[in-house]
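The values are calculated or read from the model by the stated rules, or taken from the named source; none is laboratory data. Since this is a predicted model, take the numbers as computed values, not measurements. Because the Cβ atoms are built from the backbone with ideal geometry, glycine has one as well, and the counts that use them run over all protein chains shown.
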Amino acid sequence: MNIIIFGPPGAGKGTQSKFIVNKYNLYQLSTGDLLRKEIKDKTELGSKITELMNSGELVSDHIVSRLIENFVSNNKYKNKIIFDGYPRNLSQAKNLENLLKLNKQKIDIVLELSVSLETVKKRILERKSLEKRADDNEQVAIKRFKTYEKSSKEVLDYYKQSNLLKVVNGEASISDINAEISGLIDTIKGWL
Ligand code: AMP
């Protein structure tokens, strides 16, 4: 089973991904984490993307595509991936579909965590004091929310058309969201 977890920054994608990983024995593929690691390790790629990431802009499709290709083509992760932070636009969604097809896989469910800008701001400011992310401040949070708003609709429409999209209330408590997500995944598992 491959899952996409979708939502604005601060929606709780990372928290919910970790819950799903533990409960269903999947692997989390967070493009944001992979990119932050490049910056932390001071790689050539890291130096190219630091400014973009810190300003809340998206990194190029080509760069993120290369990162996910390694993951999707690795047999260890076959049909066990939760995509966190990918796809972010329609072109990435189509790229992912092709890549999965090439590797004889597909997406089974897309979980959209729906939250307001107010909640996003509040959560990002809380997270800043815990994780010390360079892109977690109010200005950049707003920018990242706007970046999300710009391209999220086309992605959501794409998955709505293929009947894969399930909307989850991301404003609820973590345990309530856990329960709602488990219910949705268990229904899918029954079909597989
Ligand atoms: P995240 O941890 O998912 O909030 O991502 C943090 C930042 O990494 C984003 O603001 C982008 O700059 C970059 N990033 C992560 N995933 C992608 C993606 N799929 N496409 C482009 N940029 C991305």
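Of all the residues that make up region 115-134, how many are within 14 Å of G7 (Cα to Cα) and among the hydrophobic types (A, V, I, L, M, F, W, C)? Residues meeting the conditions: 4.
Results for (1) among the β-branched types (V, I, T); (2) at positive phi; (3) in a loop (DSSP other than H, G, I, E, B), shown as yes or no for each residue.
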residue: L29; (1), (2), (3): no, no, no
residue: D33; (1), (2), (3): no, no, no
residue: I39; (1), (2), (3): yes, no, no
residue: N54; (1), (2), (3): no, no, no
residue: L67; (1), (2), (3): no, no, no
residue: N70; (1), (2), (3): no, no, no
residue: K76; (1), (2), (3): no, no, no
residue: R88; (1), (2), (3): no, no, yes
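Evaluate the following for E44: is it of a type in the set (D, E, K, R), exposed (fewer than 13 other Cβ atoms within 10 Å of the Cβ) and either more than 10 Å from the ligand (Cβ to nearest atom) or within 15 Å of the chain's Cα centre (by Cα) (or both)? Spelling it out, E44 is indeed of a type in the set (D, E, K, R), exposed (fewer than 13 other Cβ atoms within 10 Å of the Cβ) and either more than 10 Å from the ligand (Cβ to nearest atom) or within 15 Å of the chain's Cα centre (by Cα) (or both). Does any residue of region 14-27 turn out to be in contact (Cβ under 8 Å) with a residue 40 or more places away in the chain, surrounded by 14 or more Cβ atoms within 10 Å (Cβ to Cβ), within 17 Å of the chain's Cα centre (by Cα) and near the ligand (Cβ under 10 Å from one of its atoms)? The answer is yes, given that some residue of region 14-27 is in contact (Cβ under 8 Å) with a residue 40 or more places away in the chain, surrounded by 14 or more Cβ atoms within 10 Å (Cβ to Cβ), within 17 Å of the chain's Cα centre (by Cα) and near the ligand (Cβ under 10 Å from one of its atoms). Among the residues of region 71-120, those identified as among the acidic types (D, E) and under 17 Å from K160 (Cβ atoms) are E97, D108, E112. Only a single criterion out of (1) of a type in the set (S, T, Y); (2) out of contact with any Asp or Glu (no Cβ under 9 Å at 6 or more places or on another chain); (3) within 8 Å of the ligand (Cβ to nearest atom) is not satisfied by S30, namely (2). Selection of helices (runs of 4 or more DSSP H) fully inside region 95-192 by the criterion of at least 3 residues being at pLDDT below 95 and within 24 Å of S60 (Cα to Cα) returns 138-161. Beta carbons closer than 9 Å, at least 6 apart along the sequence or on distinct chains, pair a first residue in region 131-146 that is more than 15 Å from P8 (Cβ to Cβ) with a second that is more than 10 Å from the ligand (Cβ to nearest atom) and among the hydrophobic types (A, V, I, L, M, F, W, C) for N137/L125.
On the stretch given as region 105-134, residues that are of a type in the set (S, T, Y) and under 15 Å from the mean Cα position of the chain (by Cα) total 1.
Looking across region 47-72 at every residue that is among the acidic types (D, E), in contact (Cβ under 8 Å) with a residue 24 or more places away in the chain and within 12 Å of the ligand (Cβ to nearest atom), the one that is nearest to L102 (Cα to Cα) is identified as D61.
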